[in-house]
Each structure stands twice: as structure tokens, then as C-alpha cells.
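Worksheet: one structure, shown below.
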Amino acid sequence: MPAPRPSRDVALFATCLGDQLFPGVVEATVTVLERAGCAVRFDPRQTCCGQPAFNSGYWREARQVARHFLDVFERADAVVAPSGSCVAMLHRFPQLFADEPDVAARAAALAHKTFELSSFLVRELGVTDLGARFDARVGWHDACHGLRELGVRDEPRTLLAAVQGLELVELRTRESCCGFGGTFSVKLPEVSTAMLDHKLDEVMEAPIDVLAAIDGSCLMQLHGRLERRGARVRTMHLAEVLASR
Amino acid sequence: MSGHSHRTPDGFAAQAREALGDRTLTQAMRRVTDLFAERRAAALETVPDWQELRQQARAIKLHTLARLDHYLAQFAGAAAKNGAIVHWAEDAAAACRIVGELAQVHRATRLVKSKSMATEEIHLNAALAAAGTEPVETDLGEWIIQLAGEMPSHIIVPAIHKTRQQISELFVDKLGVAPSDEPTVLAAEARERLRQHFAEADMGISGVNFGVAETGTILVLENEGNARMTTTLPKVHVAVMGIEKVIPRFADLEVFLRLLPRSGTGQHLTSYQSLLTGPDVGVPGRAGQGPRELHLVLLDNGRANIAVDETMRETLACIRCGACLNACPVYQSVGGHAYGAVYPGPIGAILTPQLQGMHQAAALPFASSLCGACKDVCPVQIDIPSLLLELRKRAVEGEAPGAAPAKRAAFEALTWKLWAWFVRSPGRYRFAAAMARLGDKLPLVKRLLPPMRAWASSRALPRLAKRPFRAGHKDGGS
Amino acid sequence: MSARETILARLRQRAPDAPPPPPLPPVRSTALLEQPPFASRLAAFTAILAKLGTTVEHVADVATAARRTTELLAEHGARSLASSDHALVAAVTAQLPTDIERLAHDAPRDDLLRAEAGLSSAQWAVAETGTLVLVSADERHRLCTLLPDLHIAVVPASRLVATLGCAFARLQPDAAPAGQTITFVTGPSRTADIELTLVVGVHGPKALRVLVIDD
Ligand code: SF4
């Protein structure tokens, strides 16, 4: 069982994708955070971080949405999201607000206390065992933004190692991009799918039951193609694995 | 003379589809990128101070680029003092004209050339061919490409998209030799043919990997020996050098030599580096062994504008190692031709729009999933993802304040405006989500919306949850 | 305005509020590292060149070097030898059998082009990378190390340095006469341009043999 920790107030950022498409992932995130001793609050004014517009070149629109994000979360002690990509976006706010140094400074301060779920648990709380049990062979997908912009590599593995019944299978293509890339996935669908298939060619041969990651967007892409290819491998978010008992 | 010149940077989507339909190409791309990535990883293990080296190289480059006027002038002065003749070319046309005139003045009709990105960028071969003096490419891969009338698909191994059988057929067809698909036999054939060209050449054209400001030395790096031949045997050597190749100190070469081959091919060093400090004219009683004349063509062609752009300047720190190509999942999938330009892959996606202008290449900054693998491997730590994002913004908003955007997509712009209007207000966001839930029940909507159709062409569409997460969490508040 | 002025003027168009350029860091050189003893330098040099198919032999004197050179020439079926103008090379060639055709560094180009082997020394050899560093001001090396199929190098043991940085630290091209060419040679000429298959000797030498000679 997890060691009880001094309670920590956490503002949950569900992410727009989590809110609208994967509420189960967000529920699991709440469960996991509470088991780790956090008091979780959800501010219903929250919407999106602005990344979709930002990555598409529409920075004016991204700024409007990012400003709203700042207003909602700025006063929180710690913000936690079940996504590496959305948290990485926070670290891009200074670039987005380069012409408004005061906003950029506020954004930098907020980025400093915004965390992706697994790194919050391991690095901030020092929690590695959440008392989870999950009987399955799990392949891990290192989602790009978490991996390369936030340096999240060991944290999910540390957490998975403590899950009873779980066997982690390291894939050769674990660090290969799934090909999602936001609007990239629909602007260049053939290229996106070629990247995806490169990864899934290994996944579908691998001795795994579940393919897991820290990002809903990657999982949506991976799942969509696995289903189309008639694979038996399921996709799951890390939070769902960690919430299992 | 290059075939497939119909390819353009803005044609990326169609060219990528074409590439994906070519199994020989995609398999070759996967092979070369896997192999080089593997070798690079192994080569790095032998360098414990790799990260410090990268930081050093980056710091040297960023300093030099911020004061390029100073270092370039110093370099040109030193080179001239060594006896090199320095030419300045504002753009591609000027550079081609200078080289063309040099060929004319020296009555050079037989030209040999070693591999160089700068000369490909200015389409020097085509310009010289128009004057009847097309140089013979002497790098094996480039020579194959030239014989075939094609474009390179990789900046280190230009003919990687061709199989040995295809090369054999090409040799049978163009050289009239007996068929053989043994690489050693093919290479031996090339050696013999190209020896002849070297022996007869009046002028050799090369690129430059580094130019040292304090000494005026140029360094040319290679594996085959063709660059040594090109810069040794003809009477006249013309080196075309992008102005961003200058580094301040001779001793800095060590840092770059430790980084470049390891990053590109995973070699600890390529077979040859030639460091030329002026023409090798010899001294009285002791003849020189190289060309009597060394001409240096300093090429701007858009670089100066990048150098004074604070945000984009680091683009010029690139040492053309090719590591970002090998690491890029887009490049791995589609190869170099899809980019429709001389510089492919991640570096091409940021360089081409800046060299050719956004109005011709706005598609390239979008040809990336922003996975960041390029930044991780770049020996000079160029933050390619950030530069791609900046270029996307410029494509959408115009390159300078008030300038017309290169990317004219009124419908798309309206969509994002609407999106932001809905998403920046919780009430409107909820409303939009509710509407979307209604839409989700109508299969027709999905079939009509282009992004949905694009997604569904290869992947099952995700469903909106029956109830969003927030519906169960009305209680919260901060 | 001349093209030179135009380009330099473009480069000077910095924004008035541009931050000052980042400083130039001090030189970072492996020359400053501790030098391993000769035996380890030779072992490293030999090992890394072995991976490239290049053999390194440690010989005691000129006579042995000449004998090994003769044998290497025979092994490769080479009957003509182009040489540099290095004193050590001259000493070795003086002891070669007379039936080997010798071509001096300034022999006619056409003769050099058909030479079957080349003999040079090197100003430095770099243990870490297996590199020969040849400086034209000290040795006319450009043709005899490039044109023939076989390149034999006789390198004084005292010239074997640990790293590339040691070589750079000793080169000082600003002090050298203009027109100097420095060539770094690491193994034979090679290419992987056809299906990534390694082929040696595509333009330059197919084989490189190094004799490290005590001095
Ligand atoms: S951008 Fe970096 S990784 Fe890519 S070719 Fe240039 S130096 Fe190499």
C-alpha cells in the first residue's frame, strides 16, 4: 500500500480530450491522485491549453485560449494533467507570448507548477507504489512530448514496476512517434498512418495484451488503427492501469 | 537536367503519397535510417563528453553567426592573404555566373565536382550545362544520380533509393558495360571511368564543410577520395561555400570533427579531411602538388537574412550531418524526394522556406508531427521543433507584421477563429460540446467533415463520451 | 555596391534591440587531457585501424621497414612505387629491391596515375582515431597517398599522439607558409553508396598499411 503522504492540493486539468472523449481516464487520474494522498479539485471553468491552434500556426487564437487557461489555473498550488503533451504546451507559453513579457512570466510560473501525472507522482510526491493490481502483459509507448520535452521516461516504468501481476514488455519502437501530431494526422493522413503502422507492426507481433501511454491523443491514434487492423491488443492510459485493483 | 524537377516544396502532400506507394523507396529509406541511427548510437558510446561537445559546438556557432559580418570578413581576408581568390555571390544566379565565368576564362571544358549541398542548392550543374560545361559528379552516389537524371533522396547517401539491380541496368544502359549487380564491380567501374575524368579535368569544383576565420583554411570532408582528387588534380579549384560555414578558430575544428561523422554515419571520422590554406603553389625548387589557383565563392543566397533574424538564426548552425533526417519518422517513412527541394527532412523543413521563401514552401513546416527526435540528435542542438512552430506561425500570420500570409486558407482561418471563440469561454465550450454530441449521432456529419474523413480513411473514429468528465464533477471549484 | 559590401551590409542589419552576441567559449581541446603512454597509444591506434581493415606494424629500424615494405608490395602485386619527399621515405626506398619502379613526388602526372603503390611518412599519427596527418609543407604527400591502390605509411613512433586535439594543437597553420595543404587519412577510401554495402577503394587507395618505426 502507498505510504500516506501529507495531503497536497491538486488542481486537475482534465484536458479537453480527456474531458470530452476519455472521462474514464480522468476519473482514474482522480482515483490515483487521491490514493497518493492528494485533495483533487476540478475547476469547471477549464477548457483547453490552446495547443491545437498553436501547433497549427494560429497563435492569435492560441493566445486567447491560453490566456483563459492562465486565468483558471494560475492560483493553484499544483496542476496535474493526464497528458505529457498538454503539460509540454505550458512550457511553450513563453514562446507563444514572446511579445508580452508579463504574460510570459506568469505563464512560466504556472508551467513550473504544472505536472504530467506520472512525473508528479514519482518526482513530486515520491510515490511509486499505488497498490494496483493488473494481470496483463503491457507494452509501453513513450509519447513524444512527455519523453523529449518533459524528460518523462523512467517515471511511468517505476510506477508500472510496482503494479502486481503486470509484466512490462519493452518494445523496440517504444520511442517512435505514433504519427498523431495533432492536425498533422488529418492533414497528411497517409504519412501519419505510415508512421503509425511502423510502430504497430511491432506491437501486433509483440507478446502483449495492452499498449499503454501517458497521452490520450497518442492512444486515440494507436487505438483507431489497431481496431482498423483487427488487432486484439487493447490501449489503456497509465492512469487506468494504476487505478486497477 | 535533373529529372523530377516538377517536384516542389509545396507539393509535399502529393509527393509523400507518391513516395509511400514506392516500396523500393520506402524500404531503402527505412534501411538507411535504421542503420545510421544504430551506428550513431554506437559511436556516441565512445565519447563520454558528447553533451559538452554539443554545447561547445552550439556556442561557437551561435557566437559566430551573431557576428558573421566580422568573421566572414576576417575569413575572406585571411584566405586572400593565402593566395586564394575570393568571390562574393549575393544569390544563386551570381554564384553560377561566377563559376561559369571562371570556367570560361580558364577555357575549362572538362569539369569535375565533388559532393556539395551548396552547389546543388544553386543548381550549378544546370547553369553550367547551359553553357555546355556540365561538371561530372564524382561522388559515387551523386554520379549514379547524375547518370539517371534523378534527385538525391538522402544528403549523405544520395542514391540510396536505387537498388543494385537498378544501378546495374543504368550502367548497362549508359556506359555499355556488362551487367553485374555486385557493388564492388559497380564501384570498380565507376572508379575507372571517373579516373579518366579526373586525369583530364581542367577545373575541380567542391563545397566546403568549414572555413576557419583566423587562418583562411577550408576543410573538405569525405570518404571516397573524390574530393581529394577534385581539389588536387585539376589546375583550378573552385570551392563554393555558404557564408554560414565560417568558424572562428583552427582549434575549433576538433570539436566539429568529433561531432559530425559520428552524428551522420556513425563513423568516428570519415576517411579523409583536406585542410586547404590557399593554393598549393609550392616554393622555388619544390613544386606544389595541387591546383595553381584556388577560388572561393562565398554564397549568401538568403543566409544573411536568416543570420539577422534573432529567432531563426540557429538554422544556420547546421553542419549538414544528416542525423535529423535519419531520426525523423516522417523522413524515415517518405524519404527525401517528397520534400521537393535540395534539403530534405527536418533541416529542409526549416531551411527551405527560409531560402526559397515561404510563398513556395509553406507546406514544409507542417510536414512534421513535432515529435522532437531531430532536436535530440542534432550535434549543434538546433531546436528544430520550435523553429517549425515559428515558421508555421509566419506561414499563417504573414512573415512580417502586416505582410500577407503565404498560407491562404480562409476556411481554415475561420475555423480556428470559431474554435477559439468557443473554447475560451466555459459556457460556449459546454455548448459546443453538447452540439458535437448531437453531431456525433449523425453519421453523415462524420462522412462530410474533411478532417473526420481523413482520419477515418485509416483509423476508427473515436467517439465522444456519453457524458463529459465535467458532467460528473459539478461540485469542484478552486 | 559590390557584392561583398552588399552581403556584409545585410549581415549588419541587426535589429537595434537585438541582444548582444553570446560569448565565444574558450577552446575545448583534447590536447589538454593527460597523454597515455606510448604502448597504449600504439594499441589504440592499431585497434581502431584494424576495424577499418588497415594493419599497423611496429618495426625497429629502417632496414626492417624496407623489408616489410618489399613484402607488402609483393603481397599486393605492386611493382611501381610513388614516394613523397620525406627523408624517412627516401631512406626506406633506398633499401628496396631495384626491380621496383620508383616514382618521385614530382614525376610526371601520368606516371603517378599508374603507380601501383605509394609510400609516405606522416607528420602526426593520432591514436584515438587511427588518423595520419600529412602536412604538405613538410612532405609532398598529396599524390602518392591518393592515386595508387596501395598506400604504405612509415611513421616515426615519436609522432604518434593520443588525440585529434593533440594534432591540431601542433599544426598551427597560421605559422605555416600559405599554400599549405593538410590531409587527414583514416583508413582506405570507402563508400556505401550502393545499398549501403561497404566497398573500399572507390577513388583512393584500396588498402592502407602503416609501419610505426622506432626513432
Ligand atoms: S540540423 Fe542538426 S542534425 Fe540536422 S543536418 Fe543539421 S546539424 Fe545535422
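The values are calculated or read from the model by the stated rules, or taken from the named source; none is laboratory data. Nothing here was measured: the structure is a model prediction, and the numbers come from that model. All Cβ positions, glycine included, derive from the backbone under ideal geometry; neighbour counts span all protein chains shown.
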### Task
Determine whether the range B:407-415 contains at least one residue that is under 26 Å from A:GLY179 (Cβ atoms), exposed (fewer than 13 other Cβ atoms within 10 Å of the Cβ) and more than 10 Å from every other protein chain (Cβ to nearest Cβ).
yes
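Please tell me if B:SER457 is more than 24 Å from A:SER85 (Cα to Cα), at the interface with chain A (Cβ under 9 Å from one of its Cβ atoms) and more than 16 Å from the ligand (Cβ to nearest atom). Outline the logic, then answer.
Details: more than 24 Å from A:SER85 (Cα to Cα): yes; at the interface with chain A (Cβ under 9 Å from one of its Cβ atoms): yes; more than 16 Å from the ligand (Cβ to nearest atom): yes.
It is true that B:SER457 is more than 24 Å from A:SER85 (Cα to Cα), at the interface with chain A (Cβ under 9 Å from one of its Cβ atoms) and more than 16 Å from the ligand (Cβ to nearest atom).
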### Message
Looking only at residues that are among the polar types (S, T, N, Q) and farther than 19 Å from B:ALA373 by Cβ in the range B:30-88, which one is farthest from the other protein chains (Cβ to nearest Cβ)?
### Response
B:GLN74
### Message
All but one of (1) more than 22 Å from the chain's Cα centre (by Cα); (2) more than 16 Å from the ligand (Cβ to nearest atom); (3) touching a residue at least 40 places away in the same chain (Cβ under 8 Å); (4) closer than 26 Å to C:PRO25 by Cα hold for B:PHE250; state the number of the condition that does not hold.
### Response
(3)
### Query
Is one or more of the residues making up the range B:239-247 more than 10 Å from chain C (Cβ to nearest Cβ), in contact with a strand residue (DSSP E or B) (Cβ under 6 Å, 6 or more places away or on another chain), of a type in the set (D, E, K, R) and surrounded by 24 or more Cβ atoms within 10 Å (Cβ to Cβ)?
yes
### Task
Could you pull out the residue among A:VAL191, A:VAL210, A:VAL169 that is under 16 Å from B:ARG459 (Cβ atoms) and at pLDDT 95 or above?
A:VAL191
### Task
Scan the range B:156-182 for residues that are at the interface with another protein chain (Cβ under 9 Å from one of its Cβ atoms) and among the basic types (Lys, Arg) and jot them down.
B:LYS162, B:ARG164
### Query
Taking interchain pairs and intrachain pairs at least six residues apart, which have beta carbon atoms under 6 angstrom, with the first residue in the range A:34-52 and at the interface with chain B (Cβ under 7 Å from one of its Cβ atoms) and the second in a strand (DSSP E or B) and modelled with pLDDT of 95 or more?
A:ARG41/A:ALA11; A:PHE42/A:LEU12
#### Entry: Pick from the range B:290-334, criterion small (Gly, Ala, Ser) and within 11 Å of another protein chain (Cβ to nearest Cβ), ranking: farthest from C:ASP17 (Cα to Cα)
B:GLY290
## Note on the structure
Contact list, first residue from the range B:264-287 and assigned by TED's automatic domain parsing to the domain that holds B:PHE210 and under 25 Å from B:VAL86 (Cα atoms), second anywhere and of a type in the set (D, E, K, R) and part of a strand (DSSP E or B), beta-carbon distance below 6 Å, six or more apart or interchain, is B:TYR272/B:GLU222; B:PRO279/B:GLU293
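Let's see how each residue does on (1) in contact (Cβ under 8 Å) with a residue 12 or more places away in the chain; (2) more than 25 Å from A:CYS16 (Cα to Cα):
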site: B:ILE382; (1), (2): yes, yes
site: B:LEU387; (1), (2): yes, yes
site: B:GLU390; (1), (2): yes, no
site: B:ALA395; (1), (2): yes, yes
site: B:ALA404; (1), (2): no, yes
site: B:GLU412; (1), (2): no, no
site: B:ALA420; (1), (2): no, no
### Task
Go over the candidates B:GLY345, B:GLY340 one by one and state the one that is modelled with pLDDT of 95 or more and either among the acidic types (Asp, Glu) or within 9 Å of the ligand (Cβ to nearest atom) (or both).
B:GLY345
### Query
Is it true that some residue in the range B:4-14 is touching a residue at least 24 places away in the same chain (Cβ under 8 Å) and on the phi > 0 side of the Ramachandran plot?
yes
### Query
Does the range B:377-393 contain any residue that is more than 24 Å from B:LEU65 (Cα to Cα) and either at pLDDT below 95 or within 16 Å of the ligand (Cβ to nearest atom) (or both)?
no
### Message
Can you pull out every residue in the range B:106-130 that is within 27 Å of C:LEU8 (Cα to Cα) and surrounded by fewer than 20 Cβ atoms within 10 Å (Cβ to Cβ)?
### Response
B:MET117, B:HIS123, B:ALA127
### Summary
B:THR415 passes all but one of the listed conditions (1) under 16 Å from the mean Cα position of the chain (by Cα); (2) more than 16 Å from the ligand (Cβ to nearest atom); the exception is number (1)
### Odd one out for C:GLY179, checked against (1) closer than 16 Å to B:SER274 by Cβ; (2) crowded, with 24+ Cβ neighbours inside 10 Å; (3) within 7 Å of another protein chain (Cβ to nearest Cβ)
(2)
### Task
Could you check, for the range B:64-74, whether at least one of its residues is touching a His at 6+ places or on another chain (Cβ under 6 Å) and buried (at least 16 other Cβ atoms within 10 Å of the Cβ)?
no
#### Entry: Cross-chain or 6+ apart pairs with Cβ under 6 Å, the range B:314-333 first and among the aliphatic types (A, V, I, L, M), then in a loop (DSSP other than H, G, I, E, B) and near the ligand (Cβ under 9 Å from one of its atoms)
B:ALA317/B:VAL380; B:ALA317/B:ILE382
### Message
I'm told B:ASP376 meets every condition in (1) assigned to a helix (DSSP H, G or I); (2) in contact (Cβ under 8 Å) with a residue 24 or more places away in the chain; (3) closer than 30 Å to B:GLU90 by Cβ except one. Can you identify the failing condition by its number?
### Response
(3)
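For (1) surrounded by fewer than 24 Cβ atoms within 10 Å (Cβ to Cβ); (2) at pLDDT below 95, each residue gets a yes or a no:
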{"site": "A:GLY24", "(1), (2)": "yes, no"}
{"site": "A:GLU27", "(1), (2)": "yes, no"}
{"site": "A:LEU33", "(1), (2)": "no, no"}
{"site": "A:GLN51", "(1), (2)": "no, no"}
{"site": "A:VAL72", "(1), (2)": "yes, no"}
{"site": "A:SER85", "(1), (2)": "no, no"}
{"site": "A:ALA88", "(1), (2)": "no, no"}
{"site": "A:ASP99", "(1), (2)": "yes, yes"}
### Message
If I filter the range A:144-159 for residues that are in contact with an Asp or Glu (Cβ under 9 Å, 6 or more places away or on another chain), among the basic types (Lys, Arg) and within 23 Å of B:MET29 (Cα to Cα), do I get at least one hit?
### Response
no
### Task
Considering every residue within the range B:309-329, establish whether at least one is away from the ligand (no atom under 16 Å from the Cβ), crowded, with 24+ Cβ neighbours inside 10 Å and of a type outside the set (D, E, K, R).
no
### Task
Please tell me if B:LEU351 is more than 14 Å from every other protein chain (Cβ to nearest Cβ), in contact (Cβ under 8 Å) with a residue 24 or more places away in the chain, of a type outside the set (Phe, Trp, Tyr) and within 15 Å of the ligand (Cβ to nearest atom).
yes
### Query
Conditions: (1) closer than 20 Å to B:ALA338 by Cα; (2) away from the ligand (no atom under 15 Å from the Cβ); (3) at pLDDT 95 or above. B:GLY357 meets all but one. Number of the miss?
(3)
### Query
Which ranges mark the helices (runs of 4 or more DSSP H) fully within the range A:14-122 that have 2 or more residues being within 30 Å of B:LYS407 (Cβ to Cβ)?
A:16-20, A:51-55, A:59-73, A:84-96, A:101-112
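Can you confirm whether B:LEU387 is crowded, with 18+ Cβ neighbours inside 10 Å, at the interface with chain A (Cβ under 10 Å from one of its Cβ atoms) and closer than 30 Å to B:ARG262 by Cα? Break it down stepwise before answering.
Values: crowded, with 18+ Cβ neighbours inside 10 Å: yes; at the interface with chain A (Cβ under 10 Å from one of its Cβ atoms): no; closer than 30 Å to B:ARG262 by Cα: yes.
The answer is no for B:LEU387.
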